[in-house]
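Student: Below is one structure. I have some questions about it.
The values are calculated or read from the model by the stated rules, or taken from the named source; none is laboratory data. On a predicted model such as this, the values are computed, not experimentally measured, just so you know. Counting neighbours? That spans all protein chains shown, and the Cβs are built from the backbone with ideal geometry, glycine included.
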Amino acid sequence: MSHLGLAHQQARRFAIRHGLAYDDVLGAAYEGLCKAALGFDPSLGHRPSSYVVPKVKGELLHHLRDTGFALRICHRYRELWIKARRLVARGLEDQEIAATLRVPVGVWVDVRMACGVPPVPLSQLHSQGMGEKVAAVGCLSW
C-alpha cells in the first residue's frame, strides 16, 4: 500500500505522454503494482521502488499494446506490423517485407491494410457512396 503513489505517478506520466485518460491507465498501473508485490524479493537487498516502477511501466505498455488501436486487431497482426514498420519506412516492396517476416505476401498485405492505414469513420464512407461495402480484416492462420 505504501507504493500506491508510484503507480499513480507512472499512470499520470503515461497518460500525458500517450494522450490517454488517466482513469483508463490507472487500472493497468495497479495491476503492475500487484505483480510487483508478488514478485519482489527483499532478500536481494534492492529498494522496492526499483522493482515496482519497471513492473508498472511494463503493465502500462501492455495496456497500450492491447488497446492502442482504434480497431480490434489480433495480436499476431499487430506484432507483425511492429516488426515491419522499419522495413516499410525503408521503402521495401511487399514481397521483400513478407520474405523478411517469413509470412505469405497475402498475409503481409492484410497486416498492412489493417494496421498501416488510419481507420476511416463509417459516416465518411457512407458520405462517399461506399455504403455497406466495408471490408473487415480478420486473423487467419498461415
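Student: Could you tell me whether the range 70-80 includes any residue that is modelled with pLDDT of 85 or more, loosely packed, with under 15 Cβ neighbours inside 10 Å and outside the structural domain of ALA99 (by TED's automatic domain parsing)?
Tutor: No: the range 70-80 contains no residue that is modelled with pLDDT of 85 or more, loosely packed, with under 15 Cβ neighbours inside 10 Å and outside the structural domain of ALA99 (by TED's automatic domain parsing).
Student: While we're here: If HIS3 passes every condition in (1) within 23 Å of the chain's Cα centre (by Cα); (2) farther than 30 Å from MET113 by Cα; (3) at pLDDT below 85 but one, which one does it miss?
Tutor: (1)
Student: Oh, and also: Name every residue in the range 10-28 that is buried (at least 18 other Cβ atoms within 10 Å of the Cβ), in a helix (DSSP H, G or I) and touching a residue at least 24 places away in the same chain (Cβ under 8 Å), in order of residue number.
Tutor: GLN10, ALA11, PHE14, VAL25, ALA28
To keep it simple, each residue is scored yes or no on (1) surrounded by 15 or more Cβ atoms within 10 Å (Cβ to Cβ); (2) acidic (Asp, Glu); (3) under 17 Å from SER2 (Cα atoms).
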site	(1), (2), (3)
TYR30	yes, no, yes
GLY39	no, no, yes
PRO42	no, no, yes
PRO48	no, no, yes
VAL53	yes, no, yes
LEU60	yes, no, no
HIS63	yes, no, no
GLU93	no, yes, no
ALA114	yes, no, no
